[in-house]
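Each remark here refers to the structure printed beneath this line.
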């Protein structure tokens, strides 16, 4: 039996309904107030083996517990929004959902986790609150970093949202231990079939590979032939690929933007 596909349309519709219900019209709103309005208490501690957990009590209320080791406000915020996503979409919460760090950054692990992630992203960064230049902005991690700060999200969440809304042919690659963990494409990139298979090694001649080898934490960028990343794709001779990457030695993971203009 094939696994169910994530219902992203429903996830975004549910997040928009929550925004409307609470009259949210500005970014970086207090997510704990939203949880409280939905009859969900947020507590620190009481969870191990994951970032966050949500359960439904016998009287129908909800409890979100955050791992006390997670102190970054942006990470806490996304975790709460993610758990609210389970609450709004997945009614069978009697046993609860224990969500790991991988669940909260990986859209490919399960349909339920992917839906909760999409709910969280569209709740915290809804289209109607995004500045118009987001859709036309050249792919740059510095811009994404500002975007993340303005909306109170992690760099990964902001980068994924930026890419999926971009008018540019851009691909976001998340890698771990030198392999592709997942990737996201803009609509233009999808129409051009710029896809990378999960689990393949990072190209050895890429900026990302260099950064990983050096354990560098600064943002690095360079221009190269597109076939470095897409070896089976036929490009024009003049085609160029712009690669920009940020690496985290703590997680042995990199976040890479690939942009092929034209």
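The values are calculated or read from the model by the stated rules, or taken from the named source; none is laboratory data. On a predicted model such as this, the values are computed, not experimentally measured, just so you know. Reconstructed Cβ throughout: ideal geometry from the backbone, glycine too, with neighbour counts over all protein chains shown.
What the table below lists for this structure:
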quantity: Output for the range 1-16, where each listed residue is exposed (fewer than 13 other Cβ atoms within 10 Å of the Cβ) and touching a residue at least 12 places away in the same chain (Cβ under 8 Å); calculated: 3, 4, 5
quantity: Yes/no for residue 133 being at pLDDT below 90 and either surrounded by fewer than 22 Cβ atoms within 10 Å (Cβ to Cβ) or in a helix (DSSP H, G or I) (or both); calculated: yes
quantity: The range 56-81: number of residues that are more than 21 Å from the chain's Cα centre (by Cα) and either closer than 14 Å to residue 31 by Cβ or in a loop (DSSP other than H, G, I, E, B) (or both); calculated: 7
quantity: Residues located in the range 193-204, provided they are under 14 Å from residue 260 (Cβ atoms) and buried (at least 17 other Cβ atoms within 10 Å of the Cβ); calculated: 194, 196
quantity: Failed condition for residue 114, given (1) in a helix (DSSP H, G or I); (2) without any contact (Cβ under 8 Å) to a residue 40 or more places away in the chain; calculated: (2)
quantity: From 98, 93, 104, 66, residue being under 22 Å from residue 127 (Cβ atoms) and either at pLDDT 95 or above or assigned by TED's automatic domain parsing to the domain that holds residue 123 (or both); calculated: 104
quantity: The range 217-227, residues that are more than 12 Å from residue 260 (Cα to Cα) and not in a strand (DSSP E or B); calculated: 217, 218, 219
